[in-house]
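The values are calculated or read from the model by the stated rules, or taken from the named source; none is laboratory data. If you're wondering where the values come from, they're calculated on a predicted model, not measured in any experiment. Every residue, glycine as well, gets a Cβ built from its backbone with ideal geometry; the counts of neighbours run over all protein chains shown. For the accessible areas, the whole protein counts, side chains as well, though only heavy atoms, and no ligand, DNA or RNA atoms are used. Shrake-Rupley method; radii C 1.70, N 1.55, O 1.52, S 1.80 Å.
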Amino acid sequence: MPLIPFPNVPQVPGVPAILRETTIPSLGELANLGLGAIAALIFGIPRWGLYDQDGQQVLLFDTFLGIRFRNGSRISSFPVEQGSFSSFNKVDTPFDAMLRFALSGDTASRGVLLNTLEALKGSVDLFSVVTPEIVYPSANVVAYSYERNTRSGPSQLIVDLYVEEVRQAATAVFGDTAEPDGAPAKNNGQVQSFPVDVASLPEIGEVSVPGAPVSTPLPGGIQ
């Protein structure tokens, strides 16, 4: 490495530009800065975090630290004869995720963040977990936690946000069929009534009510 007061960083795409001079950047540094600006213009700035239905970021933070995502299925097993089990179906389960981010700011900004987290925990609104590769919609905030430590400083909040997917209930849609006999039953339909001619009804005679039973003594019995 040459005896220079800066590290010898190669000027290739993907490596951050290191300004050698305090006022005039080199040609390679300008090229790296230009490539980064063109990539952000074409592909857009990568987005991370939690967004609402209008595409607005719900929580403002300084640094996004990571995400842990889990999505799976469950196989239903039931007991059968002779004490054995059999699997009948595989059901997709809702996803859950944990987002970790950090905020370093003054007391007011940290207080706003904590109040927003508490409001989100009690809210029933649905949000989207946004990553540069994929977006996971219909997520609700179920819990959060935060920590402060001596390594990052007491003024920095490291927040873990937990969300779970909410499955929307499906609505049945009935359509017309080619044959009336094949039409499904519809709820809340109209019932057609017909008038009844009272004179055509058969007459019902009087019904005799049996009286109390009369006991008859047997010959030779005890009176």
Kindly establish whether residue 69 is under 17 Å from residue 48 (Cβ atoms) and either acidic (Asp, Glu) or not in a loop (DSSP other than H, G, I, E, B) (or both).
-> yes
For region 143-159, name all the residues that are without any contact (Cβ under 8 Å) to a residue 40 or more places away in the chain and touching a strand residue (DSSP E or B) at 6+ places or on another chain (Cβ under 6 Å).
-> 143, 144, 145, 146, 147, 148, 154
Can you name the residue in region 148-162 that is in contact with a Leu (Cβ under 8 Å, 6 or more places away or on another chain) and of a type in the set (D, E, K, R) and is also least open to solvent (accessible area, probe 1.4 Å) among such residues?
-> 160
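Yes or no, residue by residue, for (1) touching a Phe, Trp or Tyr at 6+ places or on another chain (Cβ under 8 Å); (2) among the aromatic types (Phe, Trp, Tyr); (3) open to solvent by less than 70 Å² (accessible area, probe 1.4 Å):
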| residue | (1), (2), (3) |
| --- | --- |
| 66 | no, no, yes |
| 69 | yes, yes, no |
| 77 | yes, no, yes |
| 81 | no, no, no |
| 85 | yes, yes, no |
| 94 | no, no, yes |
Output the residues belonging to region 113-132 that are surrounded by 13 or more Cβ atoms within 10 Å (Cβ to Cβ) and farther than 17 Å from residue 54 by Cα.
-> 113, 114, 116, 117, 121
Where residue 58 falls short, out of the listed (1) over 15 Å from residue 162 (Cβ atoms); (2) of a type in the set (Val, Ile, Thr); (3) open to solvent by less than 90 Å² (accessible area, probe 1.4 Å) = (1)
